[in-house]
1. Where the second residue is among the small types (Gly, Ala, Ser) and not in a helix (DSSP H, G or I) and the first is crowded, with 16+ Cβ neighbours inside 10 Å and lies in the stretch 67-87, which pairs have Cβ atoms under 8 Å and are six or more apart or on separate chains?
2. Among the residues of the stretch 171-182, count how many are out of contact with any strand residue (DSSP E or B) (no Cβ under 8 Å at 6 or more places or on another chain) and outside any helix (DSSP H, G or I).
3. Among the residues that make up the stretch 154-168, is at least one of them in contact with an Asp or Glu (Cβ under 6 Å, 6 or more places away or on another chain) and of a type in the set (Lys, Arg)?
4. Tell me which residues, restricted to the stretch 38-72, are under 20 Å from GLY175 (Cα atoms) and not in a loop (DSSP other than H, G, I, E, B).
5. Being crowded, with 22+ Cβ neighbours inside 10 Å, assigned to a strand (DSSP E or B) and either modelled with pLDDT under 65 or under 12 Å from the mean Cα position of the chain (by Cα) (or both) is the filter here; which residues of the stretch 194-244 pass it?
6. May I ask you to say which residue of TYR155, TYR129, TYR86, TYR146 is farther than 23 Å from PHE70 by Cα and of a type in the set (Phe, Trp, Tyr)?
7. Looking at the stretch 63-75, is at least one residue closer than 16 Å to LYS185 by Cβ, within 14 Å of the chain's Cα centre (by Cα) and not aliphatic (A, V, I, L, M)?
8. When you go through VAL141, VAL162 one by one, which is the residue that is hydrophobic (A, V, I, L, M, F, W, C) and surrounded by fewer than 17 Cβ atoms within 10 Å (Cβ to Cβ)?
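The values are calculated or read from the model by the stated rules, or taken from the named source; none is laboratory data. Since this is a predicted model, take the numbers as computed values, not measurements. As a convention, Cβ positions derive from the backbone with ideal geometry for all residues, glycine included, and neighbour counts pool all protein chains shown.
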Amino acid sequence: MQIQFNTIFFGFLKTLLLITIICSGLLYAGTLYINPQTYQFGENAFPPYHFEINPVTNELYKVFDLDNDFQFKTYDLKIAEDIAGYKEDIEPILSKWGAFDINFGPSEASHSSKLSTVMSTDVNNDLEYSETSLTPMQQEVHVALYKGEVEAIAYTDNTVGVTPQIRILVANPEGLVGGQTTIVKGGGSSLLGHIVRRYQEAGVDRIELESGNSGYYMSRGWKNKVENTPQEEDFVWDLTGDSESEGACGTGSL
């Protein structure tokens, strides 16, 4: 009963968070899907980059790191060693990101911070339910690292008989602060491409993600699950740190 209550309660918190996002003027979050077998990896590739300030114009410009690339790691949560690794390596990072902020007001950084807490809660609830019900976990946690530092984290659901879903994808909220020039960017988009490629190699022909930035994804091959869905460019369950104002990915975004 306690597990069921926790699941319902935290589900309510997620709904309340989404309502908060909506009431803040971020009007829509919906489900998108794509066929990994037709995904255009070259067109959607994002190498690591930083911003620097032009001393003459005082404007930001991108500087790509051509000597380093993102590295990726996956924690399969049905494997005891991976669960231990997640708790040791990733849970503290989600906790740190969740505590970041947040005096910036509504922003990509603040929403990424909040969703880091949501992800941590979801993983812990799913692990607790799995242990209590003796049901093997079907979820994975994926991370993108740059020079050994975690810069993006995703939580995916691979339940048998159900379309695989990218439930949450967030980037380091410090990298989402407007005008910052120290934290690498592009990790979220690279992590998304990595996840899609894994599904492609596994022969999966459809995956889904929750996003409010429909326009950005549809221009890159993603489609709305429900036809005639509003296509507002809002914040999303997945916040990858590549906004249009800061470079690659459109307002709010993956």
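1. PHE70/ALA144; PHE70/GLY186; PHE72/ALA144
2. 2
3. Checking the stretch 154-168: at least one residue is in contact with an Asp or Glu (Cβ under 6 Å, 6 or more places away or on another chain) and of a type in the set (Lys, Arg).
4. Answer for the stretch 38-72, where residues must be under 20 Å from GLY175 (Cα atoms) and not in a loop (DSSP other than H, G, I, E, B): TYR49, HIS50, PHE51, GLU52, ILE53, LEU60, TYR61, LYS62, VAL63, PHE64, GLN71, PHE72.
5. Across the stretch 194-244, the qualifying residues are LEU209, SER211, ASN213, ASP238, LEU239.
6. Working: TYR155 fails: farther than 23 Å from PHE70 by Cα; TYR86 fails: farther than 23 Å from PHE70 by Cα; TYR146 fails: farther than 23 Å from PHE70 by Cα.
None of the others qualify; the one that does is TYR129.
7. Checking the stretch 63-75: not a single residue is closer than 16 Å to LYS185 by Cβ, within 14 Å of the chain's Cα centre (by Cα) and not aliphatic (A, V, I, L, M).
8. Values: VAL141 fails: surrounded by fewer than 17 Cβ atoms within 10 Å (Cβ to Cβ).
Checking each option against the conditions leaves just VAL162.
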